[in-house]
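Have a look at the structure below before the remarks.
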Amino acid sequence: MTKKTTVKLDLPTNFEDGVYFDLPDSEYHSEPRLSATGMKWLTTGEPMDFWARSWMNPRFVNEDTPSRILGRAYHARILEGREAYHARFAPALDKADYPNALFTVADLKNFLAAKGETVSNASSKSKLINLVQQFDEHPVIWDVVKQAHAEKCANKTLLQRDVFDNVEYAATIVDHHPTAHKVVSGGYAEVSVFYSITVDEIDGSNMRYKIPLKARFDYLKSKAICDLKSYSNHGGLEIMKAIYKAIASYKYHIQVASYLQAWDAARFLIQDSQITGTAKQRIFLQEAAKHDKAFWFLFQQSGAAP
C-alpha cells in the first residue's frame, strides 16, 4: 500500500491547537479556521458561498450587525450572569427621561435671563453651561449628563433602554425556570476549541490534508454541551414546530455534529495539557474529559414573550 503524504493547509492561524477559556469573542472569530458556520455554507454546493464569507476573501468585512450585538448581550447575561452583562453593556440615554433638562443654547440663555444674567449673543455653549452651573440650584444640563454617561460607559456597548431591560427580563425567566437554569449553570461559558483533523484527498490520490478547525461552546458542562438560541414565532405556530423550523432553516444539526467532533478532539488536547485557563478550569476539563457529551439547545423566543 502506498503511503499517503500529509499536507498541512497553509493558513495564518494565530493560535495553537488547544482548549481556551475566556478568549475574547473578536479573537475567536478572527481565527482563520473552518467552523460550523463555514460548514453550513459549504453544504450549498457552491464553493463561492463559503469563500465570500471567509478570511480568504480580502474584501470580506465581518460586520457587527444589531442582531449580533443583541446576541452577545443575551449570551453575556444568560450564560455569564448579571455582573458580566452590566460590565459590558449599558442602557443608552433617552432624552425622554429628562423632560426638564436644558438641551439647547436657547434653553441655557432663557434660564440665565430668568436669573437676571446678561449674556453675549456670541457666548459659546460651554461658557453658557459654566454660567448655569454657578447657580446652586439649576436644572439638569443635557450635555453634562451625556458627558458623564459617556465617561462611565466608555468601554461598554450601549443598548436602547427597552432592549437592555428585555435582556434582563428574559434572563430572569431562565434563572427561575426549573429546567432551563440547569443548562447554563455548573460549568463554563464561551469555551473555545482549536483543533485539526486529517482527511484523504477525494480524487483517490495519495494526498491527505490536515485541516484546522474551531468551535466555541456557549456553555460547557461536565456531561453536556449547551447552546443558546433564539427563535421567532411570527406565524403563531405550535412552539415545538416553530423550534423545528428554526433548526431546519439555520441548519443547527450541522453545529451539533461539528461541536461533538470538536469535543472528541478536545479530549486528546486536554490529555496533552493543551489548555489555556486557570488551575480550577484545568481541573474541570480533566474531569469533563472522562465523559461523553450530550448536546442541549436552550431555545428562547424573541419578542414580548421570552
With a cut-off of 8 Å between alpha carbons and a minimum separation of six or more residues, what is the relative contact order of region 187-306 in percent? 32 percent
Orientation-averaged projected area, Cα convex hull of region 115-201 (nm²): 14.6 nm²
Compute the angle between helix 105-114 and the longest alpha-carbon principal axis of the chain, please, reported from 0 to 90 degrees and rounded to the nearest 10. 30 degrees
Restricting everything to alpha-carbon atoms, can you work out Rg to Rh for the chain with a Kirkwood hydrodynamic radius? 1.12
As I understand it, the value is the acute angle between the Cα axis of helix 142-152 and the longest principal axis of the Cα atoms of the chain; what does it come to in degrees, rounded to 10? 30 degrees
FRET efficiency for Thr278 and Lys156, Cβ-Cβ distance as r, R0 = 30 Å, nearest 0.05? 0.75
Alpha carbon centre of region 38-66 versus region 248-266: separation in Å? 18 Å
Would you mind pulling out the separation of the Cα centroids of region 163-224 and region 81-115, in Å? 40 Å
Average Cα contact separation per residue, the chain, under 8 Å, 6 or more apart, as relative contact order %: 27 percent
Sites His291 and Ala101, calculated FRET efficiency, Cβ-Cβ separation with R0 45 Å, nearest 0.05: 0.20
Taking Cα atoms only, helix 279-288 is inclined relative to the longest principal axis of the chain by an angle, in degrees rounded to 10, of 40 degrees
Most mobile of Phe268, Phe60, Phe217 per a Gaussian network model of the chain (Cα springs, under 10 Å)? Phe60
For the cross-link pairs Lys229/Lys293; Lys251/Lys280; Lys95/Lys152; Lys156/Lys182; Lys241/Lys290; Lys127/Lys156, which exceed 26 Å when the distance is taken from alpha carbon to alpha carbon? Lys251/Lys280; Lys156/Lys182; Lys241/Lys290; Lys127/Lys156
Top mean-square fluctuation among Lys156, Lys146, Lys115, Gaussian network model of the chain, C-alpha springs under 10 Å? Lys115
Using alpha-carbon positions, the gyration tensor of region 178-306 gives root eigenvalues a ≥ b ≥ c; with a/c under 1.5 called rounded, otherwise prolate if a/b exceeds b/c, else oblate, the class is oblate
Excluding ligands, DNA and RNA, the carbon-plus-sulfur percentage of the accessible area of the chain with a 1.4 Å probe reads 54 percent
R0 of 30 Å, Cβ-Cβ distance Ala257-Thr44: FRET efficiency to nearest 0.05: 0.95
In nanometres, what is the gap between the two model label sites at Val199 and Asp25, each 7 Å from Cα along Cα-to-Cβ? 2.9 nm
Just to confirm, what accessible area per residue do you get for region 126-174 at 1.4 Å probe, in whole Å²? 64 Å²
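The values are calculated or read from the model by the stated rules, or taken from the named source; none is laboratory data. These figures come from a predicted structure and were not determined experimentally. Backbone-built Cβ (ideal geometry, glycine too); neighbour counts: all protein chains shown. What goes into the accessible areas is simple: the full protein's heavy atoms, side chains included, and nothing from ligands, DNA or RNA. Shrake-Rupley method; radii C 1.70, N 1.55, O 1.52, S 1.80 Å.
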